[in-house]
Every structure is written in C-alpha cells, then in structure tokens.
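The values are calculated or read from the model by the stated rules, or taken from the named source; none is laboratory data. None of these values were measured; they are calculated from a predicted model. No Cβ is skipped: glycine too gets one built from the backbone with ideal geometry, and neighbour counts run over all protein chains shown. Accessible surface is based on the protein model in full, side chains and every heavy atom, while ligands, DNA and RNA are left aside. Shrake-Rupley method; radii C 1.70, N 1.55, O 1.52, S 1.80 Å.
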Amino acid sequence: MLKEVSVLLLLLVFIIAAMASDPDPVMDFCVAKSPENVFECKNSSAATIEDFTFSGIKFPGNFKKTGFSSVAVNSNVFPGLNTLGVSFVRADFDVGGINVPHYHPRATEVAFVLEGKIYSGFVDTKNKVFAKVLEKGEVMVFPRGMLHFQLNVGDGPATILGSFDSQNPGLMRIPNAVFGSDIKVELLEKAFGLNSKELAKLKKKFSS
C-alpha cells in the first residue's frame with residue numbers, strides 16, 4: 001500500500017511540474033499571415049529579414065499637442081514578435097508631460113529611461129505608492145496589473161523604452177476608462193462628488 005501511495009505521489013509531482021512549465025515551441029517562429037490573422041503562420045520559406053526588424057521607433061513621437069506620445073511595438077507592426085510572448089513601447093514626454101495612471105492587465109512592464117528625468121511609480125492593492133525620480137540609464141519594473149504613472153520632471157524632453165512579457169499586454173488608461181466610457185452619469189457624480197457641469201467637461205475631454 002505504501003509503495004502504491006509513493007508511486008501516485010511521484011506521478012502527481014511530475015504532472016504538476018509538466019503543467020507548470022511552458023510548452024516547447026514546435027517551430028522556430030510564427031510570422032502571422034496578417035495582423036487580423038495572428039493564429040495562422042505564413043510559410044517559413046516566405047519569411048524575410050524585414051519580418052524580424054522594426055525601425056518605427058528610431059525617432060521621438062509627436063508629443064507637442066498633448067505633452068506625451070507612445071508607439072506600441074507589437075506583432076501588429078512587427079510580425080516577427082508573433083507567438084514569442086513579448087512586446088515593446090517607446091514613450092516620449094515633453095517638459096511636464098505625463099503618462100496618465102494606467103495598467104496592463106496581461107503583462108509586467110520593465111521601463112528603461114533612455115533620456116531625461118521621470119517621476120515614475122505604481123500603486124499596490126493596499127494603496128501604497130512606490131515612486132521615485134528616475135534618471136537616464138535607470139530602470140523600474142511595474143508588476144502585472146498594478147496601476148502606474150510617469151511625469152517628466154526634467155528641464156528637457158524625456159524618453160522611456162518599455163518591454164512587456166506579453167504579446168498583447170493590454171492597456172487601460174484610468175481617466176479614459178472612467179470618464180470616456182458609458183458608465184452612468186449618476187454613478188460618476190456620486191462616486192467622485194462631481195456636479196453635472198464638471199462631469200460633462202471631463203467626459204468631453206476623455207471621450208475617444
């Protein structure tokens with residue numbers, strides 16, 4: 001009986017280990033046939049070096065209108081990333097520019113300050129803020145699903161490069177999600193103590 005239990009426990013350990021590990025890839029890569037069809041790979045013989053290189057973030061984005069711009073680098077624009085579980089973003093800030101509080105529901109982000117000084121931080125589920133001013137060459141991690149934010153506190157433009165451990169990290173900007181959505185006005189008025197005029201102004205600002 002003891003021997004049978006030992007064998008069962010050993011099998012259970014192997015099953016748990018197998019379930020906890022990522023499956024081995026069955027192909028070298030999977031370049032999507034199109035951004036609309038990421039589940040079907042084009043023939044590997046049709047892949048080119050252009051599928052595995054991207055030059056769309058060589059230069060700063062246009063942040064003059066809002067003070068902030070970002071360029072997402074995912075499989076939609078960089079086919080070679082398809083199925084690899086990673087993606088990227090370049091964010092540029094004018095002086096005083098902000099990346100509003102937001103979160104990525106499907107990914108942890110690692111942010112590297114390429115240029116400038118950025119007040120950067122996140123809030124955990126106990127509402128504790130982890131934040132500091134990052135300078136050129138410094139790195140910060142935002143755990144998956146944590147609300148985070150950035151503000152250029154330097155006297156010149158700033159740039160951050162962010163990497164994600166997901167092909168599709170998702171993005172929820174809090175002001176847009178709250179005031180730019182179809183949540184009932186009555187609820188927002190009570191939740192934030194706003195009058196109808198103030199709320200209408202916010203909804204106009206953050207509506208897509």
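If you check Val77, Val89, Val113 for being aliphatic (A, V, I, L, M), at pLDDT 95 or above and either touching a Cys at 6+ places or on another chain (Cβ under 9 Å) or within 26 Å of Lys33 (Cβ to Cβ) (or both), only one passes: Val89.
For region 88-105, a tally of residues being touching a residue at least 60 places away in the same chain (Cβ under 8 Å) and in contact with a Gly (Cβ under 9 Å, 6 or more places away or on another chain) returns 12.
Residues in region 11-55 that are more than 12 Å from Pro79 (Cβ to Cβ), open to solvent by 90 Å² or more (accessible area, probe 1.4 Å) and at pLDDT 75 or above: Met27, Asp28, Asn43, Ser45. Could you check region 58-97 and list, in sequence order, the residues that are on the phi > 0 side of the Ramachandran plot and open to solvent by less than 20 Å² (accessible area, probe 1.4 Å)? Across region 58-97, the qualifying residue is only Gly67.
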